[in-house]
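Q: Please read through the structure below; I'll follow up with questions.
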Amino acid sequence: MTEWLDLLGSFLIGAVVLLMLTSFNSTVSTTASENLFDGVTQRQVVSSSTALEDDFYKAGFRYTGEKISVADSLQIKFMGDLGNDGVIDTVRYFLGNTDELSGTPNPDDRYLYRTRNSGSPQALHTVTDFKLSYYDSLGQQINYGDLTNSAGRLRIKTVRIKLTEESNELVDGKYSMAKFEKTIRPKNL
């Protein structure tokens with residue numbers, strides 16, 4: 001009888017240890033996935049923000065005409081000598097539609113596009129939010145309705161960029177997210 005109790009006790013202890021190992025393995029796997037997607041998302045937002053900063057700081061550089069020709073919450077088009085080569089470039093950033101990425105699990109992701117001169121749009125990365133705000137020389141935010149004409153766009157001295165990127169896949173019921181937010185004051189505006 002004692003042997004049966006010992007066998008039953010060993011079986012129960014083995015089952016508990018097996019459950020603990022399974023739970024531990026699941027936790028490690030989830031944590032590894034979260035770290036992987038967090039890292040990828042952070043690298044993407046750094047890459048996007050570097051491109052944005054490089055271009056935005058050169059807005060209006062060596063250009064004497066209307067430096068910003070389009071300015072609203074989701075897009076901007078400006079001129080400047082980006083290559084410091086005496087050639088004036090036209091750069092446009094704009095947000096694509098969620099329909100373009102309907103095949104991905106994240107319903108909010110879309111492309112952030114960049115065009116240079118007459119080239120075709122290039123997708124920088126997938127983003128879930130991209131918003132531009134504009135400020136005058138006194139630091140007052142300019143209403144988007146005032147930016148529909150050249151006189152309103154001439155008041156722009158500072159641009160605030162908000163960018164959010166999320167992973168394409170869910171990990172433990174949520175998307176990995178990284179945000180970038182910066183106010184840029186190009187010297188030539």
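The values are calculated or read from the model by the stated rules, or taken from the named source; none is laboratory data. As the structure is a computational prediction, the values presented were derived from the model and not from experiment. As a convention, Cβ positions derive from the backbone with ideal geometry for all residues, glycine included, and neighbour counts pool all protein chains shown.
Q: Residues that are in contact (Cβ under 8 Å) with a residue 24 or more places away in the chain, among the aliphatic types (A, V, I, L, M) and under 30 Å from LEU170 (Cβ atoms): does the range 125-139 have at least one?
A: Yes, the range 125-139 contains a residue that is in contact (Cβ under 8 Å) with a residue 24 or more places away in the chain, among the aliphatic types (A, V, I, L, M) and under 30 Å from LEU170 (Cβ atoms).
Q: Every residue in the range 42-77 that is within 13 Å of ILE161 (Cβ to Cβ) and without any contact (Cβ under 8 Å) to a residue 60 or more places away in the chain, please.
A: THR50, ASP54, ASP55, LEU74, GLN75, listed by residue number.
Q: Residue by residue through the range 75-119, note down the ones that are modelled with pLDDT under 95 and polar (S, T, N, Q).
A: ASN84, ASN97, THR98, SER102, THR104, ASN106, SER118
Table: residues versus (1) touching a Cys at 6+ places or on another chain (Cβ under 6 Å); (2) over 20 Å from LYS182 (Cα atoms); (3) surrounded by 14 or more Cβ atoms within 10 Å (Cβ to Cβ); (4) not polar (S, T, N, Q).
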residue: TYR63; (1), (2), (3), (4): no, yes, yes, yes
residue: ASP81; (1), (2), (3), (4): no, yes, yes, yes
residue: GLY103; (1), (2), (3), (4): no, yes, no, yes
residue: THR126; (1), (2), (3), (4): no, no, yes, no
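Q: Of the conditions (1) in contact with a His (Cβ under 7 Å, 6 or more places away or on another chain); (2) part of a helix (DSSP H, G or I); (3) at pLDDT 95 or above, PHE56 fails just one. Which one is it?
A: (1)
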